[in-house]
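To start, the structure under review is shown below, and the notes come after it.
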Amino acid sequence: MRWKLKELLQGKRFDENISILENELRTFEFLLNKLSDNISNEDYKKIVVLEENMVARIGRLSAYLGLMLAENTKSQEVMKFRSIFESFSMKYSDIVRKFDFWEKGLDTKERKGLNQKNVLRLSDLIKQRKESFLYRRKMANYSLPEDQERIIQRKDLNGINTVTELYDQITTNFQYELKIHGKVKKIKTMKEIMDYVFDNNQSIRKNAYLSYYKPFRENKEILFTIYSSVVKDWNIEKDLRGYKNSISVRNIDNWLSDEVIKTLLKVCEKNKIIYQEFFKLKAKNLGLKKISRFDLYAPLKKVQKKYSFEESKKIVLNNFKEFDKEFYQQASRLFQQEKIDAFPRENKRSGAFCYSVNPDITPYVLLNFSGKPDDIYTMAHEFGHAIHAMQASDKLPTLFHSVIPLAETASTFSELMLFDKLLKKAKDKERKMMILNKIEDSYRTIMRQAYFVKFELLAHEKIPKGITEEELSNLYWDNLKELFGDSVDIDENFKYEYLVVPHIYHSPFYCYGYSFGDLLSLALYAEYLKDKKNFVKKLKIILNAGGTRKPEDLLKEQGFDISKGEFWQEGFNLIKKWLNEVK
């Protein structure tokens, strides 16, 4: 089963689409001459509509390149068109930024920014833009003068972006030697070596970790220098723009208050005891007095059943059908419109994802289905993303995608529905293993990510003031000791774990998005179990909003107050309930 990408080019060659965009961009630049406080409603709408049309076409071309590369990571066609696309994107950003500055009320050499009186008039013209328009206006204080923004964009392209690419180049070239049953095996990729940390054999798990960390440890000074550069660059720009603190940069970008994320992290910290109890229980199940960090992902017995693709499709679609007829119809469209690339093959990207292009295009889903039970959950997860996009299909291209913290809502909720359904059918031993594995998954996606962010907060405080690699590594080690308490023995090698986490290099504080998304879905699911009749309507309102609403306000209107610790605690209460069942 393969997807079809021709619709993305709308019957034209890639370079023809770029030519159309260049013509539209020239028209857009000409229309910018009409920008003033007294701009007519008609002219303002023309500018907005043209921008939305360009965003839609750019989205199609970006999707074409991304999906082509996913189905063939060695695609020469992608290599050919990527530089053309990136060159246009730079010109596009420079020109569209002028409109963005004007809407924000920022003065440039060419014109004065829009005054407050006319903001109210223009923001009412296109209702779904209003809240995000006013938010961008409010956040204008964090923008720099136009010429400085241009400099930063180009500086990042050849500066900090190159530094993070250097991290990727260094670490992806690492090779590993793993001793297995007395023989040394040479391993070329991180994925392959990390597969062994899930091995049934305790000695192999330990050797896999030691082998994995060895090149990171040997290059710790270089990797620390790269990380220090990332942190310093982030904080220099934070100070230039006037953000309150380091994490505020991410929070404001995510349309969230510092207080919400502070509450989220505080509730996570309070509930670490759940996972400490879980790891003690896991030690017992593994026949160990106490597990070491090497044993953290030692496999518990998993359901060995294999599923055919058709069987999995039926299970997932029926799961949506029982929840809501519209969800079922939207998930079915993925098959009807041939939007799925389902099976592994040579040169195809590993893993799975959903690519939501534009409001008028049914999303694409990449799977690497092999029949494992996990593959069914993956299918439900990615279909949940697709349903989320289809629920927001009445939104403009610029507002179609949800803000990052809400992006995992439908996907993880879909997984939870499927898990609950399969759990009810499972017999006692299978049920216990399913719950244990689910709790372990929640550790990885919630608690582990929250503690990455706790470390980042310390790192962003200490590095600008001056700190050595060894001092920072010891801070990370202390962070792990707090997380695990007396439940896990932590070998000294794990104090270098932060060096292997790409997100803290590429996207500081991004990891709380995983904690936010998964815990939000758990809390919502807990609410669903209490009131199934009224919940579906509430969920649809949340999903339909796309990127038009502030998450805190949107959720509060549906009765979910994410500023309160009690809301987040509902998610942990569900995990605690699972734990109590299997203790």
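The values are calculated or read from the model by the stated rules, or taken from the named source; none is laboratory data. What you see is a predicted model, and the numbers here were worked out from it, not measured in a lab. With ideal geometry, Cβ positions are generated from the backbone for all residues, glycine too; neighbour counts draw on all protein chains shown.
See the values below:
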read-out: Helices (runs of 4 or more DSSP H) fully within segment 296-398 counting 2 or more residues that are hydroxyl-bearing (Ser, Thr, Tyr); value: 325-336, 373-391
read-out: Some residue of segment 414-424 being within 19 Å of the chain's Cα centre (by Cα), in a helix (DSSP H, G or I), without any contact (Cβ under 8 Å) to a residue 12 or more places away in the chain and surrounded by fewer than 19 Cβ atoms within 10 Å (Cβ to Cβ); value: no
read-out: Members of segment 1-46 found to be assigned to a helix (DSSP H, G or I) and either aromatic (Phe, Trp, Tyr) or touching a Cys at 6+ places or on another chain (Cβ under 9 Å) (or both), listed by number; value: PHE14, PHE28, PHE30, TYR44
read-out: Verdict on GLU310 being of a type outside the set (Gly, Ala, Ser) and farther than 29 Å from ILE439 by Cβ; value: yes
read-out: Residues within segment 354-375 that are surrounded by fewer than 17 Cβ atoms within 10 Å (Cβ to Cβ) and either touching a strand residue (DSSP E or B) at 6+ places or on another chain (Cβ under 8 Å) or charged (D, E, K, R) (or both), tallied; value: 3
read-out: Test: residue in segment 136-144 that is farther than 30 Å from PRO508 by Cβ and over 24 Å from the mean Cα position of the chain (by Cα); value: no
read-out: Top-ranked residue in segment 189-202 [being of a type outside the set (A, V, I, L, M) and modelled with pLDDT under 85; ranked as nearest to HIS503 (Cα to Cα)]; value: LYS191
read-out: Filter result (closer than 14 Å to LYS214 by Cα and either at pLDDT 90 or above or among the β-branched types (Val, Ile, Thr) (or both)) within segment 178-188; value: LEU178, LYS186, ILE187
read-out: From ILE490, ILE463, residue being buried (at least 19 other Cβ atoms within 10 Å of the Cβ) and in contact (Cβ under 8 Å) with a residue 40 or more places away in the chain; value: ILE463
read-out: Counted residues, segment 524-577 - those being under 22 Å from GLU269 (Cβ atoms) and among the β-branched types (Val, Ile, Thr); value: 2
read-out: Check on ALA526, modelled with pLDDT under 95 and in contact with a helix residue (DSSP H, G or I) (Cβ under 7 Å, 6 or more places away or on another chain); value: yes
read-out: First in segment 565-580 and polar (S, T, N, Q), second anywhere and surrounded by 18 or more Cβ atoms within 10 Å (Cβ to Cβ) and modelled with pLDDT under 95, Cβ under 8 Å, 6 or more apart; value: ASN573/ALA526
read-out: In segment 166-190, the residues that are surrounded by fewer than 12 Cβ atoms within 10 Å (Cβ to Cβ) and within 18 Å of HIS506 (Cβ to Cβ); value: GLN169, THR172, ASN173
read-out: Matching residues, segment 271-287, being at pLDDT below 95 and outside any helix (DSSP H, G or I); value: LEU286, GLY287
read-out: Tally of residues being closer than 20 Å to LYS206 by Cα, touching a Lys or Arg at 6+ places or on another chain (Cβ under 8 Å) and surrounded by fewer than 23 Cβ atoms within 10 Å (Cβ to Cβ) across segment 495-536; value: 1
read-out: Answer residue from segment 481-515, given it is under 19 Å from ILE439 (Cβ atoms) and assigned to a helix (DSSP H, G or I) and is nearest to the chain's Cα centre (by Cα) among those; value: TYR514
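Residue by residue, here is whether (1) in a strand (DSSP E or B); (2) basic (Lys, Arg) holds:
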| site | (1), (2) |
| --- | --- |
| LEU166 | no, no |
| LEU178 | yes, no |
| LYS191 | no, yes |
| ALA208 | no, no |
